Amino acid sequence: MYLYPLGIRLWHALNAILIIILIITGISMQYTDKGNLVFIIDFAAAVKWHNITAIILVISYIFFLILNIVSGNAKYYRINRNNLFSDLGKQFRYYVSGMFKGEKHPFPVSMESKFNPLQKLTYVLIMYAGLPLIIISGFGMMFPEITIVKLFGVSGFILTDILHITMAFLVTVFLVIHIYTCTLGTKPTSLFRGMITGYHEPEEESPEEVSPEK
Amino acid sequence: MKMLFAGVLVAAAFGFYTEARALSGRADSDPGTADTLAFVSPFMEDNERCFKCHGQGKYEYENELLGTTVKALMCPDRIIRREDFYISNHRSFSCTDCHSSDYVVFPHPGELRMELKFNCLDCHGGDETYSIFSFEMIEEDYMESVHYKLEDEGFSCWKCHDPHTYRISMRDSKNLKETILYDNNICLYCHSDYTRFQILSDREEVNFLKTHDWLPNQASHFRSVRCIECHTQISDSILVSHLVLPKDRAVKLCNECHSKNSLLMASLYKFQSMEQRRGGFLNGIIMNESYVIGANRNAYLGTLSLAIFGVVILAIVIHVIFRIKTKANLKKG
């Protein structure tokens, strides 16, 4: 089924490239003295590319927000609060045991529901909490004169940086888990192919399977 | 969802305000204010004979020949403000300790302008009282510096350290930002005033903002470090290096400072660097006044992040192993 429109796919690809550049340049600034590691690049170059990439990311993020509203894609992120914890539990159990017992996916992908409850929660946290915090704290790092000088006796710049790198670390962890969970499709490459072609390769459904969402 | 978004915005806004409040306290913390009130020079009356004319921009005297009172402007280089002198390191001196006692005569005899001026080492050299300042080593440093080459043009200690107003800043520093400003102003006194600069050099005017335009967050750097951090060769023996380097040898690599082994610990923070870590931050003493990306990593956060990352990778590896096993079992039927 055609699940990922071109706009979403282009944004997703751009976002992925930008995030990877930001992670590499960010780590390079943080661990600048470990220049012997392959992924550490020169500090000055890291600052320059981190800033340029960050500005593109902000534009891309604004595009994502508008696209979500205009295209109706936002509905896929809506969390069912009534059964949130039981749904999260079902999905989690599936990942840690169900899938090894041959159970079917508790929340199969459909045109109405692209993401399972765990995906929805993490995507919402990353896109609507993590990224705004990273962007705002990033502006604080880029323009130190706008950050508070002291908060409860601690430098505002330090707090801003700690917030920035903590959120960046969480995004990095998310990225690793996200890439890994993308190998959990019908075949390890199915979901990656889907984000390139736009077509989702559905799981083979047994006739007796009933989706818990229904 | 709306609640969540509002919460995020509130949390994000929490970290950002303008810096007006912190700047407002500067005047109160000026160490000079307290010193001026507390210190009364034993030579105050004697010195007042000089300050009467040299203590401000305007002076007046009686022209006895014409029987008139003459009002005139004092040459800016001859003005010594009382409030600066009496907080300086030489505040306990009488003017005539260093200048000829013939200066008490007015009009001053013309030949006094040719008097030989003392140099730092004339008083401070070879004296145990001042040994902690290592004046002899400072002189050695200075004699290797680019400034020494200008001695024939008139360069001397006084070009940077006006004996009337100079006060030790780094050893007495209660507010490092003020010390940085004070020390940088010593450099900028000539390097941002081309007229003054021309007295010593025939070079064309240099706009130091332009020559430093490669520096990201330029204003932040100028506020947080001294010129000499990059423009002098660090000395292990003296607190403040006086070996000013040619411009092509100035530090231009970011990670000289932005690293675990930040050179700031051997220069700007040398005096305070007894404390190596503060709250788990590398080079924590820097964080009393500044925050240097790359030099102020938090060791605890670093360890915690590595641990979390390790757990994630381990979980993925275990998951992969189970997937492979499951697949193998399915194949076996």
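The values are calculated or read from the model by the stated rules, or taken from the named source; none is laboratory data. None of the values given here were measured: they were computed from a predicted structure. Quick reminder, even Gly has a Cβ in these numbers, built from the backbone with ideal geometry, and neighbours come from all protein chains shown.
Here are the numbers for this structure:
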| item | result |
| --- | --- |
| Long-range neighbours under 7 Å by Cβ, at least six apart or interchain, first residue more than 7 Å from every other protein chain (Cβ to nearest Cβ) within region B:296-307, second assigned to a helix (DSSP H, G or I) | B:296/B:286; B:296/B:287 |
| Some residue of region B:112-119 being touching a helix residue (DSSP H, G or I) at 6+ places or on another chain (Cβ under 9 Å) and surrounded by fewer than 12 Cβ atoms within 10 Å (Cβ to Cβ) | yes |
| Candidates A:177, A:126, A:165, A:134, filtered to the one that is β-branched (Val, Ile, Thr), closer than 24 Å to residue A:11 by Cα and in contact (Cβ under 8 Å) with a residue 60 or more places away in the chain | A:165 |
| Selection within region A:22-37 - modelled with pLDDT of 90 or more and not small (Gly, Ala, Ser) | A:22, A:23, A:24, A:25, A:27 |
| Index of the failed condition, residue B:282 passing every other in (1) modelled with pLDDT of 70 or more; (2) crowded, with 20+ Cβ neighbours inside 10 Å | (1) |
| Residue in region A:71-88 that is away from every other protein chain (no Cβ under 14 Å), closer than 30 Å to residue B:251 by Cβ and either modelled with pLDDT of 95 or more or within 20 Å of the chain's Cα centre (by Cα) (or both) present | no |
| Qualifying positions in region B:199-235 - in a loop (DSSP other than H, G, I, E, B) and either surrounded by 13 or more Cβ atoms within 10 Å (Cβ to Cβ) or in contact (Cβ under 8 Å) with a residue 60 or more places away in the chain (or both) | B:201, B:206, B:212, B:215, B:216, B:217, B:225, B:226, B:233, B:234, B:235 |
| Residue that is touching a Ser or Thr at 6+ places or on another chain (Cβ under 9 Å) and either away from chain B (no Cβ under 14 Å) or touching a residue at least 40 places away in the same chain (Cβ under 8 Å) (or both), where the choices are A:6, A:14, A:10 | A:14 |
| Residue check for residue A:134: within 11 Å of chain B (Cβ to nearest Cβ) and buried (at least 18 other Cβ atoms within 10 Å of the Cβ) | yes |
| Selection count, region B:53-96, where residues are over 13 Å from residue B:165 (Cα atoms) and small (Gly, Ala, Ser) | 4 |
| Qualifying positions in region A:137-161 - hydrophobic (A, V, I, L, M, F, W, C), facing chain B (nearest Cβ under 7 Å) and either touching a Pro at 6+ places or on another chain (Cβ under 8 Å) or closer than 24 Å to residue A:15 by Cβ (or both) | A:157 |
| Of all residues making up region B:236-253, the number that are outside any loop (DSSP other than H, G, I, E, B) and either touching a residue at least 40 places away in the same chain (Cβ under 8 Å) or surrounded by fewer than 13 Cβ atoms within 10 Å (Cβ to Cβ) (or both) | 3 |
| Residue A:105 vs. criteria buried (at least 16 other Cβ atoms within 10 Å of the Cβ), without any contact (Cβ under 8 Å) to a residue 60 or more places away in the chain, on the phi < 0 side of the Ramachandran plot and more than 8 Å from chain B (Cβ to nearest Cβ) | no |
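Residue by residue, here is whether (1) under 24 Å from the mean Cα position of the chain (by Cα); (2) part of a helix (DSSP H, G or I) holds:
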| site | (1), (2) |
| --- | --- |
| B:77 | yes, yes |
| B:84 | yes, yes |
| B:87 | yes, no |
| B:129 | no, yes |
| B:143 | yes, yes |
| B:150 | yes, yes |
| B:158 | yes, yes |
| B:165 | yes, no |
